[in-house]
Amino acid sequence: MGPLNGVRVVEIASLAPAPFGCMILADMGAEVIRIERAGGARGIGLTPPAGPLDRGRRSIAVDLKDPAGVAVVRKLIESADVFVEGFRPGVAERLGIGPDALLQINPKLVYGRMTGWGQDGPLAARAGHDINYIAIAGALEPIGRAGERPHAPMNLLGDFGGGGLMLALGIVSALFERQQSGQGQVVDAAMVDGAALLTTFMHGMHASGMWDGERGTNALDGAAPFYDTYETSDCKFMAVGSVEPQFYALLLGKLGLTDAELAVQLDVATWPDVKTAISRVFREKTRAEWTEIFTDSDACVTPVLSPWEAHEHPHNEARGAFVEVDGLIQPAPAPRFSRTANAHPVPMDAGGRNVARTLASWGLDEETVAALTSSKAVC
């Protein structure tokens, strides 16, 4: 099931970005085996517990400091299409599973490297997190209200948008190219690069003079009354994106605002007063009431839902945008394919973890598996 059916991926367990990228590959039908660190613990500090990012895999635990454990990885590579690691630069090489070593075993291997800073550059060896990567990429500074400090936008831009998603795209692109050349290659997926790429539109806006103001003073960063969120009477919010003139007119009509001065959409000097007028009206009704009012309108107004409410929205329900996996509601695979549809996701090691069966499916014989598990090189 899925367009990547038949693709085999070996994933070295790491934090969120690489698992997200491998989740996408698994959602699209790839067979993913995750190699956990033998004796490693999960759920420490902000390390995410097992859950949605892990779906669709089989897993084993390997002692990568044991030559026998490294030999297992090398054996898996013989029949793999993709290898993914999220170490700092140089660590995989020291463990004996760097790209030179693995491409020598399997020249057609696509070797995915997920890092924050990339494989080279002054910061390559330094620690960092999403907020640091998007900070120097230029993606953090514009986010926030006027006169306030930049707001951390969760870890969506660096870890997931600029990281895991770009990793998955890079891997699929390398697999496509391999069909022509017959050769594998290294995919250097750096969150700082991906986060910068996400700002491409803003660079164009700035060059054309359409994004010159400070943070929170531009048309698409909360300054304009037609592109912002508004509080409702029940302390919830509505999102307004009435950018085009005809949609802005519909917004004013639904709100009952008939003052001609309010209709002058692009007069920046009037924005504060227009926003005040719109805010006053939105506070007169609940989010549910406004949702009903704007349901069949092209005014581009929608309720602001929490991640835990989103699955209940009628549109998301109709599209099946969320699925339940092992009792947990979570986003469904995306995008969708007309002919090679993705299968319904399953939790990691669905049906129970079985190291012997998993390794046998990757070409290791029963005697070898018994020796590895007995020595604790694999468990």
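Which pairs have Cβ atoms under 8 Å, sit 6 or more apart or on different chains, and link a residue in region 53-82 that is in the same structural domain as P99 (by TED's automatic domain parsing) and over 15 Å from P347 (Cα atoms) to one that is acidic (D, E) and modelled with pLDDT under 95? Every condition considered, the pairs that remain are A61/E36; V62/E36; G69/D63.
Selection of first residues in region 106-128 that are at negative phi and of second residues that are exposed (fewer than 11 other Cβ atoms within 10 Å of the Cβ) and not hydroxyl-bearing (S, T, Y), restricted to Cβ pairs under 8 Å at least 6 apart or on distinct chains, gives the following pairs, ordered by first then second residue: K108/G182. Among the residues of region 30-38, is any at pLDDT below 95 and either under 27 Å from I329 (Cα atoms) or not hydrophobic (A, V, I, L, M, F, W, C) (or both)? Within region 30-38, one or more residues are at pLDDT below 95 and either under 27 Å from I329 (Cα atoms) or not hydrophobic (A, V, I, L, M, F, W, C) (or both).
Is at least one residue of region 171-191 part of a loop (DSSP other than H, G, I, E, B), surrounded by fewer than 18 Cβ atoms within 10 Å (Cβ to Cβ) and more than 14 Å from the chain's Cα centre (by Cα)? So far as region 171-191 goes, yes, one or more of its residues are part of a loop (DSSP other than H, G, I, E, B), surrounded by fewer than 18 Cβ atoms within 10 Å (Cβ to Cβ) and more than 14 Å from the chain's Cα centre (by Cα). Criterion first (at pLDDT 90 or above and farther than 30 Å from K65 by Cβ) does P331 satisfy it? Considered against the rule, which asks whether it is at pLDDT 90 or above and farther than 30 Å from K65 by Cβ, P331 comes out as yes. Taken over region 214-270, the residue count meeting the criterion of being at pLDDT 95 or above, buried (at least 17 other Cβ atoms within 10 Å of the Cβ) and of a type in the set (D, E) is 1. Within region 235-269, the residues that satisfy the criterion of being within 19 Å of P303 (Cβ to Cβ), in contact (Cβ under 8 Å) with a residue 24 or more places away in the chain and part of a loop (DSSP other than H, G, I, E, B) are K236, S242, V243. Here G164 meets each of (1) assigned to a loop (DSSP other than H, G, I, E, B); (2) in contact with a Pro (Cβ under 6 Å, 6 or more places away or on another chain); (3) among the small types (G, A, S) with one exception, condition (1). Residue selection: S14 fails the criterion of being among the hydroxyl-bearing types (S, T, Y), at pLDDT 95 or above and out of contact with any Asp or Glu (no Cβ under 6 Å at 6 or more places or on another chain).
Only one entry of T270, T295, T258, T232 meets the criterion of being in contact with a helix residue (DSSP H, G or I) (Cβ under 7 Å, 6 or more places away or on another chain), more than 27 Å from P153 (Cα to Cα) and of a type outside the set (D, E), and that entry is T270. Note on region 69-146: enclosed helices (runs of 4 or more DSSP H) holding 1 or more residues that are of a type in the set (K, R) and surrounded by fewer than 18 Cβ atoms within 10 Å (Cβ to Cβ) are 91-95. Counting only helices (runs of 4 or more DSSP H) that fall entirely inside region 270-379 and contain at least 2 residues that are over 22 Å from V7 (Cβ atoms) and under 31 Å from the mean Cα position of the chain (by Cα), the qualifying elements are 287-294, 314-319.
Quick grid of which residues meet (1) closer than 27 Å to D130 by Cβ; (2) among the hydroxyl-bearing types (S, T, Y); (3) assigned by TED's automatic domain parsing to the domain that holds G164:
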{"residue": "G209", "(1), (2), (3)": "no, no, no"}
{"residue": "G213", "(1), (2), (3)": "yes, no, no"}
{"residue": "A219", "(1), (2), (3)": "yes, no, no"}
{"residue": "G222", "(1), (2), (3)": "yes, no, no"}
{"residue": "G241", "(1), (2), (3)": "yes, no, no"}
{"residue": "P245", "(1), (2), (3)": "no, no, no"}
{"residue": "Y248", "(1), (2), (3)": "no, yes, no"}
{"residue": "G256", "(1), (2), (3)": "no, no, no"}
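The values are calculated or read from the model by the stated rules, or taken from the named source; none is laboratory data. Source: prediction; values computed, not measured. No Cβ is skipped: glycine too gets one built from the backbone with ideal geometry, and neighbour counts run over all protein chains shown.
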